[in-house]
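The values are calculated or read from the model by the stated rules, or taken from the named source; none is laboratory data. For clarity, every value in this text was computed on a predicted model and none was experimentally measured. All Cβ positions, even for glycine, are placed from backbone atoms using ideal geometry, and neighbour counts span all protein chains on display. With ligands, DNA and RNA removed, areas are computed over all heavy atoms of the protein, side chains included. Shrake-Rupley method; radii C 1.70, N 1.55, O 1.52, S 1.80 Å.
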Amino acid sequence: MAEVKVKVQPPDADPVEIENRIIELCQQFPHGITDQVIQNEMPHIEAQQRAVAINRLLSMGQLDLLRSNTGLLYRIKDSQNAGKMKGSDNQEKLVYQIIEDAGNKGIWSRDIRYKSNLPLTEINKILKNLESKKLIKAVKSVAASKKKVYMLYNLQPDRSVTGGAWYSDQDFESEFVEVLNQQCFKFLQTKAETARESKQNPMIQRNSSFASSHEVWKYICELGISKVELSMEDIETILNTLIYDGKVEMTIIAAKEGTVGSVDGHMKLYRAVNPIIPPTGLVRAPCGLCPVFDDCHEGGEISPSNCIYMTEWLEF
């Protein structure tokens, strides 16, 4: 007599337990999970049961459905954003999610179109609607003056978008940079002269001539010559141009954690120096001194072809 094989069906899991487990997985992976992740974590759950649970969570507004290169992603919905997007259709929610994922660097409308697979006319309509609700804003980028990037309304644009302290309405403030350059060097020169006048031994004089970037930053802030708030990183950028010009040298020392001006147990110190020989023309190239070197490229607001400083240097 032939043996009869009986397939044992696993007991149906509680739908609420499945939904709770999916929510837990989404909380563990805030950037989103794929259906494969859910399947690996719950291998005993049938595909139909997973689909029912996911669709229910989507309909209740507890999950967001995103698209990625690897397929669909399920991400837990922020309750605050859920309230903002109340009454919006799925296409508007999708565009909002794409812009939200871009963070404070923003995203071009072309990239929104690529990620959403929506027609450009529909995207423009959605963008205008979201802007009118003050959910997103358009910001002009220094990388391309005629283009705008979109980000959430309450975000402060990244320096790569605005150009930081060196730009005003997308115009590079060359005079402002030059004034900062002169004042930083003047501060270090004064400190070096004070050290020489102390008449102490050469080693003490040399050590006394150094100043931290925090000291230089504090001096510039007290001068009140900047209309925008400068960071220590901004001042270090200016100090780096002085280093490239051969006017300043830098050293790094160990510092106790919590010391003002220290980063990861290290501190940068700067002092004015007198160059032994004049720097060569190649060393004095404007590219080596330019604080916006990373933003310089053909077709951008700043490019080698329209740089007046490069033209003057070549003529020299």
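Determine the share of the stretch 174-272's accessible area contributed by carbon and sulfur atoms, expressed in whole percent, with a 1.4 angstrom probe.
Of all accessible area on the stretch 174-272, carbon and sulfur atoms account for 51 percent.
How high is the FRET efficiency from Asn124 to Asp101, r the C-beta distance, R0 25 Å, rounded to 0.05?
Rounded to the nearest 0.05, the efficiency is 0.80.
Within 14 Å, Cβ to Cβ, of Lys218, how many net charges do the neighbouring residues add up to if Lys/Arg are +1 and Asp/Glu are -1?
For residues surrounding Lys218, the net value is -4.
Given the peptides 243-255, 217-229, arrange them by the average over their residues of other C-beta atoms within 10 Å, most packed first.
243-255, 217-229
How much net charge surrounds Ser209 when only the other residues with a Cβ under 15 Å from the Cβ of Ser209 are counted, with Lys and Arg +1 and Asp and Glu -1?
Spelling it out: positives minus negatives among the neighbours equals +4.
Enter the accessible area per residue of the stretch 15-79 (Å², integer; probe 1.4 Å; all protein chains in place).
Heavy-atom SASA per residue in the stretch 15-79 reads 61 Å².
At 7 Å along the Cα-to-beta-carbon direction for both Asp35 and Val228, put a label point, then send me their distance in nm to one decimal.
It works out to 4.8 nm between the two label points.
For the pair Val52/Ile204, report the inter-label distance in nm, with labels modelled 7 Å from Cα in the Cβ direction.
Here the modelled spin labels are 8.6 nm apart.
Whenever you get a sec, compute what percent of the accessible area on the stretch 15-79 sits on carbon and sulfur atoms (1.4 Å probe).
Carbon and sulfur together cover 50 percent of it.
Express in nm, to one decimal, how much length is gained between Glu17 and Cys307 on full extension, taking 0.36 nm for each residue of separation and deducting their alpha carbon distance.
Length gained between Glu17 and Cys307: 98.0 nm.
Leu269: net charge of surrounding residues, Cβ under 10 Å, Lys/Arg +1, Asp/Glu -1, itself excluded?
Summing Lys/Arg as +1 and Asp/Glu as -1 gives 0.
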